[in-house]
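The block underneath contains the structure these notes are about, expressed in structure tokens.
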Amino acid sequence: MQSGKSKWVINQAHQSAVKSIKTDGLNSMLVSIGENDTDIKFWDIFSQKFIDKITVNSSPIQIEINRDCDIIVASLLNGDVVALDRTLIKIVREFHVAKNNDMINDITISKNAKWILAACNKGVKIYDILSGNIIEWVEFDKTPLSVSISPNNQYIAVSFNDDKGIYLYVNRTMFVDYDDVVSVTSPIHIDISLYRIKKKKTRSEMITLKEEEDTPMIKNEEAKINEENKSLITLSTENNV
């Protein structure tokens, strides 16, 4: 549409109902997916013509596009996420995000096209597009339904099933050495709470803290000062008011 008037219509764009459409930064290309279709199709907006398509191995659920560097991300019904190059119209990366009948609820891509964030039934995962590695994997007590990242990549917002709140988390990968998160094979658990973070912890520190919380604590007896040692304690003569 332009100026409130319809310019053109693509009839029978997909074999089933059109599920999602996205445009590039120049409004020159349209990307679309169908509900029960395995094709991701590309259309020229100005000439109203079909450009090309990419056939994936499962029906796409959602597509997101980075309008600054022509990267398109699509989540699939089988739990995979694929990264596409808009200019070359080809798949450049594949990520096996959800396994064992797990579902991908939401995906997003950072503004600098460096990371892909995926929210699934068992947590949030962050993938590095360049290396193809998973650099962070977090689990919560509730199922995350939506995830978003700030333009400067500093904060990550998450919403959860059966919860009215929106929770903001500091992106730890911006404040620690990359070597600490280059190889992630297991998730870390984070409680959903409202407390302020006083210190940014590394991944290894968070795992150690969780292990200490799960270990039963032995209650120590209150320390007592012997009468003969009281003379060793000196108090300041400064006014404490």
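The values are calculated or read from the model by the stated rules, or taken from the named source; none is laboratory data. All of these numbers come straight from a predicted model, not from anything done at the bench. Glycine also receives a Cβ, built like all others from the backbone with ideal geometry; neighbour counts cover every protein chain displayed. When the accessible area is computed, the model is the full protein with side chains, heavy atoms only, and any ligands, DNA or RNA have been set aside. Shrake-Rupley method; radii C 1.70, N 1.55, O 1.52, S 1.80 Å.
Of the residues that sit in the range 68-118 and are among the small types (Gly, Ala, Ser) and farther than 22 Å from Lys19 by Cα, which one is farthest from the chain's Cα centre (by Cα)?
It comes out as Ala113.
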Just to be sure, is Ser186 farther than 22 Å from Ser20 by Cβ, modelled with pLDDT under 90, open to solvent by 50 Å² or more (accessible area, probe 1.4 Å) and assigned to a loop (DSSP other than H, G, I, E, B)?
yes
Does Ser16 qualify as being part of a loop (DSSP other than H, G, I, E, B), among the hydroxyl-bearing types (Ser, Thr, Tyr) and open to solvent by less than 20 Å² (accessible area, probe 1.4 Å)?
no
When residues of the range 19-56 are limited to those that are open to solvent by 90 Å² or more (accessible area, probe 1.4 Å) and either touching a helix residue (DSSP H, G or I) at 6+ places or on another chain (Cβ under 6 Å) or among the aliphatic types (A, V, I, L, M) (or both), the one nearest to Asp68 (Cα to Cα)
Leu26
Failed item in (1) at pLDDT 95 or above; (2) under 24 Å from Trp8 (Cα atoms); (3) of a type in the set (Gly, Ala, Ser); (4) out of contact with any His (no Cβ under 9 Å at 6 or more places or on another chain), with Ser28 passing the rest
(1)
Which of (1) surrounded by fewer than 20 Cβ atoms within 10 Å (Cβ to Cβ); (2) within 11 Å of Ile71 (Cα to Cα) does Val82 not meet, given it meets every other one?
(1)
Yes or no: Ser146 out of contact with any Asp or Glu (no Cβ under 6 Å at 6 or more places or on another chain) and either assigned to a strand (DSSP E or B) or under 20 Å from Thr185 (Cβ atoms) (or both)?
no
Step by step: first the residues of the range 92-118, then only those that are among the aliphatic types (A, V, I, L, M) and surrounded by fewer than 16 Cβ atoms within 10 Å (Cβ to Cβ), then the one that is modelled with the lowest pLDDT. Which residue is that?
Met103
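Quick grid of which residues meet (1) assigned to a loop (DSSP other than H, G, I, E, B); (2) in contact with a Lys or Arg (Cβ under 9 Å, 6 or more places away or on another chain); (3) in contact (Cβ under 8 Å) with a residue 24 or more places away in the chain; (4) among the β-branched types (Val, Ile, Thr):
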{"site": "Asn57", "(1), (2), (3), (4)": "yes, no, no, no"}
{"site": "Glu64", "(1), (2), (3), (4)": "no, yes, yes, no"}
{"site": "Ile72", "(1), (2), (3), (4)": "no, yes, yes, yes"}
{"site": "Ala83", "(1), (2), (3), (4)": "no, yes, yes, no"}
{"site": "Ile91", "(1), (2), (3), (4)": "no, no, yes, yes"}
{"site": "Asp106", "(1), (2), (3), (4)": "no, no, yes, no"}
{"site": "Leu117", "(1), (2), (3), (4)": "no, yes, yes, no"}
